[in-house]
1. Return the total of residues in region 62-93 being in a strand (DSSP E or B) and β-branched (Val, Ile, Thr).
2. State which residue is modelled with the highest pLDDT when the search covers only region 74-113 and only residues that are under 19 Å from Pro30 (Cβ atoms) and of a type in the set (S, T, N, Q).
3. If the Cβ limit is 8 Å and pairs must be 6+ apart or interchain, which residue in region 56-72 that is within 12 Å of His103 (Cβ to Cβ) pairs with which residue that is loosely packed, with under 11 Cβ neighbours inside 10 Å and among the charged types (D, E, K, R)?
4. Scan region 14-63 for residues that are modelled with pLDDT under 85, in contact with a Gly (Cβ under 9 Å, 6 or more places away or on another chain) and not hydrophobic (A, V, I, L, M, F, W, C) and jot them down.
5. Being touching a residue at least 12 places away in the same chain (Cβ under 8 Å) and of a type in the set (Gly, Ala, Ser) is the filter here; which residues of region 29-55 pass it?
6. Residues being β-branched (Val, Ile, Thr) and in a strand (DSSP E or B): count how many of those fall in region 34-61.
7. Quick one: how many residues across region 94-111 are in a loop (DSSP other than H, G, I, E, B) and exposed (fewer than 14 other Cβ atoms within 10 Å of the Cβ)?
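The values are calculated or read from the model by the stated rules, or taken from the named source; none is laboratory data. For clarity, every value in this text was computed on a predicted model and none was experimentally measured. Because the Cβ atoms are built from the backbone with ideal geometry, glycine has one as well, and the counts that use them run over all protein chains shown.
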Amino acid sequence: MRRTATVFLVLVALACATKPSPLPPGVTAPVILHKVDPELPPAYQIVGKKVVTISALITKNGGISDPFVLRSSDSRLNAFALEAVRQWKFKPGTVGGEPVDVHFVVEVRFFVP
């Protein structure tokens, strides 16, 4: 049986306040085009919800660069979360219509329904 984790994307630029601030004129946030959920081997037993928080760069080409774990409630899950996030693709954020690199933070939440 294939087991996957639920993934929530939180863009740093949009998540700094409890109510996101509007972006300045001429600035657009990245948009996720392709998301891969982490797959866990059947032998992994998860009790409760586990979270791996990853920081990375969405490049102006829409790929992911330099992902790393900021914090984790179960270090056994770090490699699975990183492997999945590395495969994500985005429509890049822009400033004045030009694609730009954007730092982001994502929470990868693992639970078995």
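1. So in region 62-93, the residues in a strand (DSSP E or B) come out as 64-72, 89-91.
Narrowing further to those that are β-branched (Val, Ile, Thr): 64, 69.
The total comes to 2.
2. The residue in question is Gln87.
3. Ala56/Asp66; Leu57/Asp66
4. Listed by number, the list holds a single entry, Gly26.
5. Ala29, Gly48, Ser55
6. Qualifying residue count, region 34-61: 5.
7. First pass over region 94-111, keeping only residues in a loop (DSSP other than H, G, I, E, B): 96-97, 100-101, 111.
Now drop any that are not exposed (fewer than 14 other Cβ atoms within 10 Å of the Cβ), which leaves 96-97, 101, 111.
Looking only at that region, the number is 4.
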